[in-house]
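Participant: Have a look at the structure that comes next, please.
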Amino acid sequence: MNKLFTYILLTLCCCLATAQNNITHDVYFETDQYTLISTEKNRLLLFISELSDVDIESIAIFGFCDDVGAPSYNLKLSQQRAESIKEIFSNNEISESLITHVDGKGEVLLKIVNEKDISKIRGLNRKVEIIINPKPPIIEKKKEVIKKPVEEKKATAEVIKGEIKVGDKIRFENILFKTGYSTVTTESKKTLEKIAKSLVERKNIYFTIQGHVCCTQYSRDAVDRKTKKRNLSEARAKYVYEYLAKKGVDKKRMRYMGMRRKFPLGGDPKYDRRVEILITHISASNN
């Protein structure tokens, strides 16, 4: 009996530890609504932005209603609430493949909420619960590693100075964008400045700046959080276009366009939030 009790206790402790590692967030809805008011949406967007450094295993989204309304109505409304939150995640470059559950649970029983005011209870029940399950840390066994010489990849600024032909596509390495925004990360600005300098010096190449996004399905573009428009890939290309022009690159040599999510790289999604230049013309003179 003691062994059985110990086993059950250890199992419960393991489950509790797993639950404690989850990241949770709740958003609340108005009566009979499944779209968020602006304050709740801003809270959710802030939560999503804080996930950029989290290695996510899975995301579960559960919708709930208060006890007002027929059970069939509440079940449908709770599902609509869950689906609306999933859409916001997808619009903000969170991969839909990570979202494993999107379920409407119907009404929440009043007695499980520790509150006496009925109106407040119902307000707390009109919600969606989001559960983020991070990947467990990888513990690698120490082993002898024979290091092989690796050919170092040239920096983008150096590639631009080298041999280039029409049709070449040059990825802006180490230029990473903030999730949901067209602006680059602080660490990327110095690299972008070096690229601009190379393009100023290399006056004979003409190119198209192509912007990309990650984590959307069916080649949809993502939403630019600043403008609320679904053209984030174009906004990223335009940001680079305007930056290069400000640094002295002739606008006649450049154009920009958004590629949506037509060309994912297949690795870490953050590298899909990128820009590339497609060489469209090279003149004989560099003057």
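Participant: So in segment 22-134, what percent of DSSP beta bridges are antiparallel if you round to the nearest 5?
Facilitator: Values: 13 of 19 bridges.
Around 70 percent antiparallel, to the nearest 5.
Participant: If you don't mind, another one. From the square roots a ≥ b ≥ c of the eigenvalues of the alpha-carbon gyration tensor of segment 156-282, which class results: rounded (a/c under 1.5), prolate (a/b over b/c), or oblate?
Facilitator: Working: a/c = 1.71, a/b = 1.58, b/c = 1.09.
Since a/c reaches 1.5 and a/b is larger than b/c, the shape of segment 156-282 is classed as prolate.
Participant: I would also like to ask the following. Among THR156, SER188, THR227, whose Cα projects farthest towards the positive end of the dipole of segment 156-282, with charges put on the beta-carbon of Lys, Arg (+1) and Asp, Glu (-1)?
Facilitator: THR227
Participant: Give me the log10 of I(q) over I(0) for segment 22-134 at q = 0.16 Å⁻¹, as the Debye formula computes it from C-alpha points; what are the numbers?
Facilitator: For the requested q values the scattering log ratios are -0.70.
Participant: If you don't mind, another one. Go ahead and run the numbers for FRET between ASP117 and SER49, Cβ-Cβ distance against an R0 of 22 Å, rounding to 0.05.
Facilitator: Step by step, r from the Cβ atoms, then E = 0.10.
Participant: With +1 assigned to the C-beta of every Lys and Arg and -1 to the C-beta of every Asp and Glu, and no other charges, what is the dipole magnitude of segment 22-134 about the Cα centre in debye, to the nearest 20? Walk me through the numbers before you get to the answer.
Facilitator: Working: 12 positive and 19 negative charges, 95 e Å.
About 460 debye.
Participant: Which percentage, to the nearest 5, of the DSSP beta bridges contained in segment 156-282 is antiparallel? Let's see the in-between values first.
Facilitator: Details: 11 of 16 bridges.
Antiparallel bridges make up about 70 percent of those DSSP assigns within segment 156-282.
Participant: Oh, and also: Can you tell me the dipole magnitude for segment 154-287 around its Cα centre, using point charges on the Cβ only (Lys, Arg +1; Asp, Glu -1), in Debye to the nearest 20? Could you put the intermediate results ahead of the total?
Facilitator: Numbers: 32 positive and 15 negative charges, 93 e Å.
Here segment 154-287 has a charge dipole of around 440 debye.
Participant: Here is a further query. Quick check on packing: order 263-271, 85-93, 24-32 by the mean number of other C-beta atoms within 10 Å, highest mean leading.
Facilitator: 85-93, 24-32, 263-271
Any read-out appearing in this document is the output of simple, stated calculations on the displayed coordinates, not a laboratory observation. All values derive from a computational prediction rather than experimental measurement. As a convention, Cβ positions derive from the backbone with ideal geometry for all residues, glycine included, and neighbour counts pool all protein chains shown.
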